[in-house]
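To start, the structure itself, in structure tokens.
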Amino acid sequence: MSFVDTNQPNGTPTWIDLGIPDLERAMAFYGALFGWEFEVGPPETMRYTQCLLDGRQAAGLAENPDSDAGAFWWNVYLAADDCDATAKRITDAGGTLVQPPMDVMDQGRMAIAKDAVGAQFGLWQGRAHVGCQVVNQPGSLLRNDLVTPDPEPARAFYAAVFDFTLDGNPDLPDFDFTFLRRPDGYEIGGIMGVPGVPSSAWNTLFEVVDTDAVVARATAAGGICTSPPEDFVYGRVATLNDPFGAEFSVGSRPKDQQG
């Protein structure tokens, strides 16, 4: 497990949040899955809710009453030492800004962007709020991977914006998977080329102790399992949709890595 109390290095997934139309239902669903508790903000802040795991911030939920807003998805925010400079690198590399850099009170500075293949992600330059305070623990963020039908421009984009190095994965010889690594060699995620997927998106994977049990809780709470639990080289993984259609994955580590 990892506890975080300072800003993550540039390019590291540092925060995740989700906009949904029914905050109470979302809290009931995700609380049942991950054991989260919730700290609800005032109405004037769009009822932005901190999801807490053992008192530490693990994610955010934002009430979005606009039912015509389109698909709902978990947003990943990559750490930015300088949000404005990184936003410029995004546009220089062929991406677009959905939300230009802006201050979020005293919490930090953020931007929302789309990469060269249309996948949305955020930037977060932390101040009072550093991002996820707990990761790599059951009930918290484990990793993020970009799934895209067009991986080559995506690889070039993230290498240009964040100076990531790109490495193949010998553990997955039958997949088009590329590790993304910071200049210090730390793996921040990957890019999965999947022909035929309708659009490019960052997938969020939450760690759990028992994948099958979490899938059962999710379906009982109104979710849908779109990819049943399957043993994988890195653990047992399933894909779910929450009651609003937001897709995410859950995974338990191999038994020899648990405990």
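Name the strands (runs of 3 or more DSSP E) wholly within segment 113-183 that hold at least 3 residues that are of a type outside the set (V, I, T) and buried (at least 16 other Cβ atoms within 10 Å of the Cβ)?
Correct list: 120-126, 141-148, 176-181.
Taking into account only those residues within segment 240-255 that are under 22 Å from N169 (Cα atoms) and free of Cβ contacts under 8 Å to residues at least 24 places away in the same chain, which is surrounded by the fewest Cβ atoms within 10 Å (Cβ to Cβ)?
K255
So, of the residues in segment 184-222 that are surrounded by fewer than 18 Cβ atoms within 10 Å (Cβ to Cβ) and β-branched (V, I, T), which turns out to be farthest from V237 (Cα to Cα)?
In this case the residue turns out to be V197.
Quick one: would you say L123 is under 19 Å from L18 (Cβ atoms) and touching a Gly at 6+ places or on another chain (Cβ under 8 Å)?
No: the conditions fail for L123.
Just need a number here: residues in segment 1-28 that are surrounded by fewer than 22 Cβ atoms within 10 Å (Cβ to Cβ), assigned to a helix (DSSP H, G or I) and not acidic (D, E).
4
Readers should treat all values here as calculations from the given coordinates under stated rules, not as data from a laboratory. In this text, all values refer to a predicted model and were calculated from it rather than measured experimentally. Reconstructed Cβ throughout: ideal geometry from the backbone, glycine too, with neighbour counts over all protein chains shown.
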